[in-house]
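The values are calculated or read from the model by the stated rules, or taken from the named source; none is laboratory data. As the structure is a prediction and not an experimental result, all values here were calculated from the model. Cβ placement follows ideal geometry from the backbone for every residue including glycine, while neighbour counts extend to all protein chains displayed.
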Amino acid sequence: MIAASEPRTDRRRARTRSALLRAGQSLFADQSVDAVSIDDIVAAADVAKGSFYNHFSDKEALAREIAMAVRAEAEAEIETANAGVDDPASRMARAQTVFVRFARRDPQRARAMMRLFAGATLPNAPLNRGVRADVEAGLTAGAFRGLTVETGVLMAMGAALVAVTRVLEPGAATSAAALCRGLNFGLLRGLGVDEDQARRVADAAADDLLQEDRS
């Protein structure tokens, strides 16, 4: 009898946790953490307030988990998109383009990521490991020139933040593909990539990863 009740308890806890995460994601996508109360979160999740503290110590802990989960999902997409791609410039352009594609497909999660992930531009943040490795590889190979690793990481993350913010703006006139072509070209030029190569790489990333929006 006890053994039979344990799976139901686990499932109930999992459902409650998922409901809190979904509610927090929805609320934090539109408001700052300070503007959202725990009462708001449990009301949106339709769970008892006491249940909140069975899963999270405070709303900041909930916000951190949401932000990390969304960023990890985006990073996993980047890893898939860059599988088998060795050229550092192509990897950088494709990573930027995947961020934009992610924001277009799931704007709520992207807004939550942008609002909550305070460490997005820290070069040594664990989730920036991939972009740091690509910048280091580009500098080592001579594909990128005239900057430090930290500067390259900051440039890449800054471009990604700007691109996602632009895509999420209501009524943005520029297509996602055109935005990626322009920003990726500018980023690669800033990293020291030859002009013709930067244009080819930027266009190829947009054409390959944003095939539904080639305007």
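Observations on the structure shown:
- For residue 144: the one exception among (1) within 15 Å of the chain's Cα centre (by Cα); (2) modelled with pLDDT of 90 or more: (1)
- Residue 102 being surrounded by 12 or more Cβ atoms within 10 Å (Cβ to Cβ), assigned by TED's automatic domain parsing to the domain that holds residue 198 and either within 26 Å of residue 165 (Cβ to Cβ) or in contact (Cβ under 8 Å) with a residue 12 or more places away in the chain (or both): yes
- Residue count, region 146-179 (criterion: farther than 19 Å from residue 130 by Cα and touching a residue at least 40 places away in the same chain (Cβ under 8 Å)): 7
- Restricting the first member to region 72-96 and to residues that are in the same structural domain as residue 131 (by TED's automatic domain parsing) and more than 22 Å from residue 181 (Cβ to Cβ), and the second to residues that are assigned to a helix (DSSP H, G or I) and aliphatic (A, V, I, L, M), the beta-carbon pairs closer than 8 Å and six or more apart or on different chains are 72/127; 75/127.
- Summed over region 31-70, residues that are more than 30 Å from residue 99 (Cβ to Cβ), touching a Leu at 6+ places or on another chain (Cβ under 7 Å) and surrounded by fewer than 20 Cβ atoms within 10 Å (Cβ to Cβ) total 1.
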